[in-house]
Structure formats: structure tokens, C-alpha cells
Amino acid sequence: MSLKLDRSVFGNSVNEGNVLSNEEATQLLNDWVKNDRLKLHMKQVAYLMKSWAAEKEGLNEAGQWRWEMAGLLHDADWDQWPDLHCKKIIEELESKNVDPEIIHAIASHGPNHFGVEPETNMDKMLYAFDELSGLTNAYSLMRPEGYAGMELKGIKKRFKEKGFAANVSREEIVDAMTRAGVDLEEIMQFIIERQGQVS
Ligand SMILES: [Fe+2]
């Protein structure tokens, strides 16, 4: 089964600047995603994206929401329509006239799966956060204290253990960091310090 999108243009440039409201995006998330773990993953990635947009990109609230929205909806079609993963949410957002940059970020969050290269900083950071966020969450679940007191050396150790969260591709994580031009340990620390705040 291929999830390749076989497209390079997403959305329509006349829709630049169009976003869903927070309520609309949350409604879509709740309507489509029935798996609570997946929903939490999407909220975690959304929070990391918003935080990065604010702290590292210096974006205002509207800019932060664009990044957050991409994170919040990037896997919206994953549990109910795995064969249509990415395609279905892209078409939904296109039908709602959403800004093409946000749709492109979702389309390129797994270049090896969807065949779309991350181009913008938003694209690259969504790809960078996605798998590592999942690995960090898996680590929190095996710690009695969850995220409290989590240290960089702990997550580095799990990262090296191939059997831990074996479905998380270490190669993709390294590829994502390289493309984004960010340091793996810096992103690990960034996630450790923020992800526990999401519920
Ligand atoms: Fe994801």
C-alpha cells in the first residue's frame, strides 16, 4: 500500500492567510479522531509547533496558530482511514479553503511515506517533532513520574535502544533534524521541557 500523494501543489494560493478557528479545528479533530492516544499525540505536536513558532520563529499569535493548526490536524485521518492517510485531511482542508502553507506542512510531514519534500520552516519542524514527540511520550509512559524529572540522558538512551518504541524510525528522526538544520539533543530537550504540559 502506497501513501504517496503524487502531487506537488496543495491548496490554492488565493486562500493564503485562511485558517480554521480554534473551535473549528478542535471540532474536526474530535469528529475524526476516536483514538485518545492519537488525539493526545496530535495535541502534543500542536503545542510543540506553537511553542517553537513563538520562541524560535518570533511569530505573533496569528502566526503561532498557523503552526499549531498544522500540528493539531496532521494525523487527523490516520486511525479511521489508514489507507487514505494524509490524502483525506488534505482534501478536507482544501475544501475548507485553508491556507496552502498549512496544507503543505501536513502533506510533507513524512517525506518517505507521502513523497512530498518539506520546504518551509513549518514543514521541517512538523517533520522534526512528529516522531521524536512520539518516542518521548512512550518514554513518559514507562516512567512512574511521567514527564516529571525526565532528563536528556534518559531519552538519549531510549533513542539508542532499537527495541524501545521500535515503530519509531530513528533514521527518519535523524533525517528530519538534518533537513531542519537543528540539533537532535536541542529538540529532545525542547520536547522534554514542554510536552508534559499537554493533556
Ligand atoms: Fe504524527
Flag for A148 being assigned to a loop (DSSP other than H, G, I, E, B), open to solvent by 20 Å² or more (accessible area, probe 1.4 Å) and touching a helix residue (DSSP H, G or I) at 6+ places or on another chain (Cβ under 9 Å): yes
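State whether one or more residues within region 155-169 are more than 16 Å from the ligand (Cβ to nearest atom), hydrophobic (A, V, I, L, M, F, W, C) and closer than 30 Å to L93 by Cα.
Just the residues of region 155-169 that are more than 16 Å from the ligand (Cβ to nearest atom), to begin with: 155-164, 166.
Right, trim to hydrophobic (A, V, I, L, M, F, W, C) and you get 155, 159, 164, 166.
Going one step further and asking which of them are closer than 30 Å to L93 by Cα, we end up with none.
So far as region 155-169 goes, no, none of its residues is more than 16 Å from the ligand (Cβ to nearest atom), hydrophobic (A, V, I, L, M, F, W, C) and closer than 30 Å to L93 by Cα.
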Verdict on E68 being in contact with a Ser or Thr (Cβ under 7 Å, 6 or more places away or on another chain) and in a helix (DSSP H, G or I): no
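Yes or no, residue by residue, for (1) at negative phi; (2) open to solvent by 30 Å² or more (accessible area, probe 1.4 Å); (3) within 15 Å of the ligand (Cβ to nearest atom):
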{"residue": "W67", "(1), (2), (3)": "yes, no, yes"}
{"residue": "G71", "(1), (2), (3)": "yes, no, yes"}
{"residue": "H74", "(1), (2), (3)": "yes, no, yes"}
{"residue": "P82", "(1), (2), (3)": "yes, yes, yes"}
{"residue": "K87", "(1), (2), (3)": "yes, yes, no"}
{"residue": "K96", "(1), (2), (3)": "yes, yes, no"}
{"residue": "D99", "(1), (2), (3)": "yes, no, no"}
{"residue": "A105", "(1), (2), (3)": "yes, no, yes"}
{"residue": "N112", "(1), (2), (3)": "yes, yes, yes"}
Test result for A62, more than 16 Å from the ligand (Cβ to nearest atom) and either under 18 Å from the mean Cα position of the chain (by Cα) or aliphatic (A, V, I, L, M) (or both): yes
Within region 5-24, tally of residues that are open to solvent by 70 Å² or more (accessible area, probe 1.4 Å) and over 23 Å from Q80 (Cα atoms): 6
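Listed here are the residues, each with its yes/no results for (1) touching a residue at least 40 places away in the same chain (Cβ under 8 Å); (2) under 18 Å from M125 (Cα atoms); (3) among the β-branched types (V, I, T).
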| position | (1), (2), (3) |
| --- | --- |
| K43 | yes, yes, no |
| A54 | no, yes, no |
| E57 | yes, yes, no |
| N60 | no, yes, no |
| L73 | yes, yes, no |
| W78 | yes, no, no |
| D83 | yes, no, no |
| E92 | yes, no, no |
Provide a single number: the residues in region 25-58 that are open to solvent by 10 Å² or more (accessible area, probe 1.4 Å), closer than 18 Å to K88 by Cβ and not in a helix (DSSP H, G or I). 2
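Among S21, S2, which is at pLDDT below 95 and either within 22 Å of E193 (Cβ to Cβ) or out of contact with any helix residue (DSSP H, G or I) (no Cβ under 8 Å at 6 or more places or on another chain) (or both)? Break it down stepwise before answering.
On the way: S21 fails: at pLDDT below 95.
After applying the criteria, what remains is S2.
Restricting to region 151-199, count the residues that are assigned to a loop (DSSP other than H, G, I, E, B) and open to solvent by less than 60 Å² (accessible area, probe 1.4 Å).
From region 151-199, those assigned to a loop (DSSP other than H, G, I, E, B) are 151, 161-169, 181-183, 198-199; that's our starting set.
With the extra rule that they be open to solvent by less than 60 Å² (accessible area, probe 1.4 Å), the set shrinks to 164-165, 168-169, 182, 198.
Summing the residues that are assigned to a loop (DSSP other than H, G, I, E, B) and open to solvent by less than 60 Å² (accessible area, probe 1.4 Å) in region 151-199 gives 6.
The values are calculated or read from the model by the stated rules, or taken from the named source; none is laboratory data. As the structure is a computational prediction, the values presented were derived from the model and not from experiment. Positions of Cβ are backbone-derived with ideal geometry, glycine not excepted, and every protein chain shown enters the neighbour counts. Surface accessibility is based on the protein's heavy atoms, side chains included, excluding ligands, DNA and RNA. Shrake-Rupley method; radii C 1.70, N 1.55, O 1.52, S 1.80 Å.
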